[in-house]
Amino acid sequence: MTSRRDFLRTSAGVGVGAAVGLGSARPLRGAPGVLRSRVAPVAIASGNGTEAVDTAFRMVSEGGDTLDAVVEGVNIVERDPNDTSVGFGGLPNLDGVVQLDSSVMHGPSRGAGAVACLEGIKTPSRVAVDVMRYTDHVLLVGRGAQRFAVSMGHAVENLLTDGTRRRWIEWRARMSDTDDYLTPEESGQEAPPFRNGGDPGMDMLDSHDGVRPQGTINCNVVNRDGDLSGVTTTSGLAWKIPGRVGDSPIVGAGLYVDNDVGACGSTGRGEAVIKTCGSHSVIELMRAGMSPTDACLEALRRVVTFTTEARLRNAAGRPNFNVNYYAVNKSGEYGGAAIWSGARFAVCSGGESRREDSAYLFERGS
Ligand code: ASP
């Protein structure tokens, strides 16, 4: 259940959004010179998106397009070699190849574009935009996606860094005692500062399985006209089976935008989000009148209900993984929620970017 403290905190967040908004985005009739009532712009993102929300907020405040704004925002993280869950420097799949997933939705034009299993392109979100703008399709995958990206002028580059290659080599060596790969200990080298390719002391809920770090960036924005856009981009699950596609490039799962209602995206265990049509569910719950935070929490309850596998449940029968949703509605109310306590999201409103605590269903340790 949501704790009372969190309920108050998230209600306060929503209150701020609503208070600074100047009403609904419906046009005012009969007011000369005023074509539309205004919304206070808001950009919201996953916790790794403070720079992204800053950029997206500034761009829409200067009159930029909402999709250009969020894509420019996440490009910072896609190009950052130190974020090992997105774009360049993302952790690779089982074969040591970085495969990227991304989707975009542009509210005003109702456009959508996505790529999955895309190799060699640092900014898959830009390729997703090109799919939306320059093809009659929504989703391109694998080699076809890369060929399309090259045709649109994107450069093919090596996305592995020395650090991510080292982690993958170490993970490969620890996979089996009966193959010919030597672990750092066996080969007499200094052991790297990670355990089986993951960070030391990583919490089960900050990872896919206590070893593989979780990560992705989702960023959504509403401008002063109440127009919305969103983007989700990721290198997905580290060491995944080649060809595995997560929720991020699936329209309705890792991202959904309806310009009449709001925008939502997700991070965390993609398989759980796909099975519950996560982001689309959040939008439909907001359409039915729920606040962004309550809609995110309700969609997370569906994830819990759909988690029937014993291997995915803890001793108390709760999911042993995390899922996060980030949502903003057309009037500028926003909220984030996760299955487990301790998650944070990035938000920029009123020109100030910050991280806020996500609402949650369960206290860690329960
Ligand atoms: N949702 C992403 C995926 O499943 C990964 C993550 O956010 O950790 O591919």
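The values are calculated or read from the model by the stated rules, or taken from the named source; none is laboratory data. These numbers were taken from a predicted model, which means no experiment stands behind them. Virtual Cβ from ideal backbone geometry, glycine too; neighbours counted across all protein chains shown. Surface accessibility is based on the protein's heavy atoms, side chains included, excluding ligands, DNA and RNA. Shrake-Rupley method; radii C 1.70, N 1.55, O 1.52, S 1.80 Å.
You will find that of 274, 283, the residue that is more than 8 Å from the ligand (Cβ to nearest atom) and under 14 Å from the mean Cα position of the chain (by Cα) is 274 and no other.
The residues listed here are 112, 149, 145; of these, the one that is open to solvent by less than 30 Å² (accessible area, probe 1.4 Å) and either assigned to a strand (DSSP E or B) or closer than 30 Å to residue 182 by Cα (or both) is 112. Contact annotation: residue pairs with Cβ atoms under 9 Å, 6 or more positions apart or on different chains, pairing a residue in the range 67-93 that is at positive phi and more than 12 Å from the ligand (Cβ to nearest atom) with a partner that is part of a helix (DSSP H, G or I) and among the hydroxyl-bearing types (Ser, Thr, Tyr), are 87/125; 89/164.
Once the range 210-224 is narrowed to residues that are touching a Phe, Trp or Tyr at 6+ places or on another chain (Cβ under 7 Å) and within 13 Å of the ligand (Cβ to nearest atom), the residue that is nearest to residue 265 (Cα to Cα) is 218. Can residue 29 be described as surrounded by fewer than 24 Cβ atoms within 10 Å (Cβ to Cβ), modelled with pLDDT of 95 or more, of a type in the set (Lys, Arg) and more than 12 Å from residue 219 (Cα to Cα)? In short, no. Just checking, does the range 76-93 include any residue being open to solvent by less than 30 Å² (accessible area, probe 1.4 Å), of a type in the set (Ser, Thr, Tyr) and in a helix (DSSP H, G or I)? The answer is no, given that none of the residues of the range 76-93 is open to solvent by less than 30 Å² (accessible area, probe 1.4 Å), of a type in the set (Ser, Thr, Tyr) and in a helix (DSSP H, G or I). The sole residue among 129, 60, 71 that is within 15 Å of the chain's Cα centre (by Cα) and open to solvent by less than 20 Å² (accessible area, probe 1.4 Å) is 71. Considering only residues in the range 211-231 that are part of a loop (DSSP other than H, G, I, E, B) and out of contact with any Asp or Glu (no Cβ under 8 Å at 6 or more places or on another chain), the one that is farthest from residue 43 (Cα to Cα) turns out to be 211. Across the range 99-109, what is the total count of residues that are assigned to a loop (DSSP other than H, G, I, E, B) and open to solvent by less than 10 Å² (accessible area, probe 1.4 Å)? Qualifying residue count, the range 99-109: 1.
Does residue 191 satisfy being within 12 Å of the ligand (Cβ to nearest atom) and either more than 11 Å from the chain's Cα centre (by Cα) or at pLDDT below 95 (or both)? No, not satisfied. If we scan the range 225-237, do we find a residue that is of a type in the set (A, V, I, L, M), open to solvent by less than 30 Å² (accessible area, probe 1.4 Å) and more than 16 Å from the ligand (Cβ to nearest atom)? Yes. Within the range 315-340, residues that are over 18 Å from residue 279 (Cα atoms) have Cβ atoms under 7 Å from residues that are within 14 Å of the ligand (Cβ to nearest atom) and part of a strand (DSSP E or B) in these pairs: 319/339, counting only partners at least 6 apart in sequence or on another chain.
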